[in-house]
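Structure first, then comments.
The values are calculated or read from the model by the stated rules, or taken from the named source; none is laboratory data. As the structure is a computational prediction, the values presented were derived from the model and not from experiment. Cβ coordinates were reconstructed from backbone atoms using ideal geometry, including for glycine residues, and neighbour counts include every protein chain displayed. Just so you know, the surface numbers come from the protein's heavy atoms only, side chains and all, with ligands and any DNA or RNA stripped out. Shrake-Rupley method; radii C 1.70, N 1.55, O 1.52, S 1.80 Å.
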Amino acid sequence: MASSIRHESQETDRLLALTDGVIAIAITLLVLDITVPELRPGTPSTVLVELVSEQGPEFLSYVLSFLVIGWYWMLHRRVFIHIDEHDNGLVVLNLVFLLMVAFVPFATSVLSTYPDQFGTMFYAGVLALTGFSLLLLWGYASRHDILEEGLTSRLVVLQSARFLASPLVFVLSIGIALVSPTLAVLSWLLLVPINGFLQSRMMDSLEAAAEKE
């Protein structure tokens, strides 16, 4: 009688489904943390404009965290686009990544409530740990021959650099926050040119590999 037990490596789709679900919930929780201002009876509705404008840090934190979680989801996808199967080690590291992603909404609330030195450093620290957990995931996959065949060592290194860029920028911003929280937040914009450069290098490597074939 044929065995009805599926090999664990065949259930990578379930792992991805869990990941997408947790990330979707984390993104949803971001907007649920934004409260609607309450007006006392008899208060002119024009006051509502002022109250909403005072929620600027909350809106900024929401947009920022939405983009960061979305970016980490895209990087996570870049991991599993090269993976057809998995083992227990990959499952554990993926859960660690989800552990950090699920904590981002709380870090966002801290930043929006206390947009000072502590709030900025705490938020950057959580995002740095989230990025490092994703880097560990990629590193594990590349060291345990889980990646698909045909990937050159150069592409693996460039992909590792992309995963490392985000947490390094956030770690750097923690030091900057000791001097100026505003400059620390602005330093996060470095992720745009850095990732753009690494993406272009990866595309060049892919084109070069395709030409050799």
Exercise for review: Report, by residue number, each residue of segment 46-68 that is open to solvent by 90 Å² or more (accessible area, probe 1.4 Å) and either more than 13 Å from residue 104 (Cβ to Cβ) or among the charged types (D, E, K, R) (or both).
Suggested key: 46, 49, 50, 54, 60
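Conditions (1) within 20 Å of residue 89 (Cβ to Cβ); (2) open to solvent by 60 Å² or more (accessible area, probe 1.4 Å); (3) out of contact with any His (no Cβ under 7 Å at 6 or more places or on another chain), marked per residue:
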| position | (1), (2), (3) |
| --- | --- |
| 135 | yes, no, yes |
| 138 | yes, no, yes |
| 144 | yes, yes, yes |
| 167 | no, no, yes |
| 174 | no, no, yes |
| 179 | no, yes, yes |
| 182 | no, yes, yes |
| 186 | no, yes, yes |
| 196 | no, no, yes |
Exercise for review: Provide a single number: the residues in segment 143-184 that are in a helix (DSSP H, G or I), over 23 Å from the mean Cα position of the chain (by Cα) and in contact (Cβ under 8 Å) with a residue 12 or more places away in the chain.
Suggested key: 1
Review point. Of the residues in segment 98-122, how many are closer than 16 Å to residue 70 by Cα and either touching a strand residue (DSSP E or B) at 6+ places or on another chain (Cβ under 9 Å) or among the aromatic types (Phe, Trp, Tyr) (or both)?
Key: 1
Practice item. Could you figure out which of (1) surrounded by 12 or more Cβ atoms within 10 Å (Cβ to Cβ); (2) under 19 Å from the mean Cα position of the chain (by Cα) isn't true of residue 34? Key: (2)
